[in-house]
Amino acid sequence: MEKAVYALWHDTDRSREAFNADLRGTISDRLLAEGVRGLRLNLIDEHVAPAKGLVQANTRPQMQAVVQVWLDCAHDEFRAPVDAILESACSRFSTWLVTESQPIVNTLHPPAPGARTEGFSELVFLTKPAHMTYEGWRTIWHESHTRVAIDTQSTFEYIQNTIVRPLTYATAQYDAMIEECFPTAAMDRPEAFYDAVGDAEKHRRNYDAMMESCHRFIDYRWIDVIPTSQYDVKPLA
């Protein structure tokens, strides 16, 4: 089984509400009928409006939805029906093949099929800094930074998608897509984001540790941070 991550941009003559409704309705129904093994939507909607201060946009225009799909085979021939369904819902899309690791499995707020998951989901698209080797970059991210992120933030789900290769033409060369779920309060309360409500010293300590770790392996000229609502249409069994 393989996992594909799709970034979507909607037509400018359609509202975001209509775009989201289409993805949650007709498009999801068609993807399920096509037999995808798992389906997750990450949508920018009214629920995550308080998190607008967390947005970092270096892709212009920034992607407006992310669809995560698990398939028996992601080869072009076998993935083509899924591409066609998603193409019908947007003005353009990009797709990557990824490997998925889950340092934190969501047991605190388990997603219900089709429903919005509690809190919010922050997506981060990363590109390896040019001066780093791939293995050096990966080692810092996986073997060192992972523990820092767990220890300094209020995440209840943490997924690391390492990008293997683009699956579609003219797709940006990102190296990773990260998904972290936070409690609702973390949208606009930094002390809640850094798991330090009521403790200013812990907030400062956690923030400083996280920033120091991030600067080791993130090129901030090539990062996109997108607060979203997570909808597990078909959780992977």
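The values are calculated or read from the model by the stated rules, or taken from the named source; none is laboratory data. Only a predicted model underlies this, so the values are computations on that prediction, with no experimental measurement involved. When we count neighbours, we look across all protein chains shown, and the Cβ atoms used for this are built from the backbone with ideal geometry, even at glycine. Heads up: the accessible areas ignore ligands, DNA and RNA and are worked out on the full protein's heavy atoms, side chains in. Shrake-Rupley method; radii C 1.70, N 1.55, O 1.52, S 1.80 Å.
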Qualifying residue in the stretch 213-226 (condition: at pLDDT 95 or above, part of a loop (DSSP other than H, G, I, E, B), under 19 Å from the mean Cα position of the chain (by Cα) and of a type in the set (Phe, Trp, Tyr)): yes
Residue match in the stretch 11-31 (condition: exposed (fewer than 13 other Cβ atoms within 10 Å of the Cβ), modelled with pLDDT of 95 or more and either under 14 Å from Leu167 (Cβ atoms) or touching a Phe, Trp or Tyr at 6+ places or on another chain (Cβ under 7 Å) (or both)): no
Selection count where residues are touching a residue at least 12 places away in the same chain (Cβ under 8 Å), aliphatic (A, V, I, L, M) and either closer than 16 Å to Leu32 by Cβ or open to solvent by 50 Å² or more (accessible area, probe 1.4 Å) (or both), scope the stretch 61-92: 7
Residue selected from the stretch 220-237 under the condition over 18 Å from Glu122 (Cα atoms) and of a type in the set (D, E, K, R), by the criterion least open to solvent (accessible area, probe 1.4 Å): Lys234
From the options Thr107, Thr95, Thr99, residue that is open to solvent by less than 60 Å² (accessible area, probe 1.4 Å), more than 17 Å from Tyr231 (Cβ to Cβ) and among the β-branched types (Val, Ile, Thr): Thr95
Pair list, Cβ under 7 Å, 6 or more apart: the stretch 26-45 residue under 28 Å from Ala57 (Cβ atoms) and basic (Lys, Arg), other residue part of a helix (DSSP H, G or I) and open to solvent by 20 Å² or more (accessible area, probe 1.4 Å): none
Which numbered condition Ala209 fails, given (1) over 24 Å from Tyr6 (Cβ atoms); (2) without any contact (Cβ under 8 Å) to a residue 60 or more places away in the chain; (3) of a type in the set (A, V, I, L, M): (2)
Residue match in the stretch 154-171 (condition: over 29 Å from Ala84 (Cβ atoms), more than 12 Å from the chain's Cα centre (by Cα) and β-branched (Val, Ile, Thr)): yes
Residue among Leu39, Leu43, Leu8 that alone is modelled with pLDDT of 95 or more, of a type in the set (A, V, I, L, M), more than 24 Å from Thr127 (Cβ to Cβ) and surrounded by 23 or more Cβ atoms within 10 Å (Cβ to Cβ): Leu39
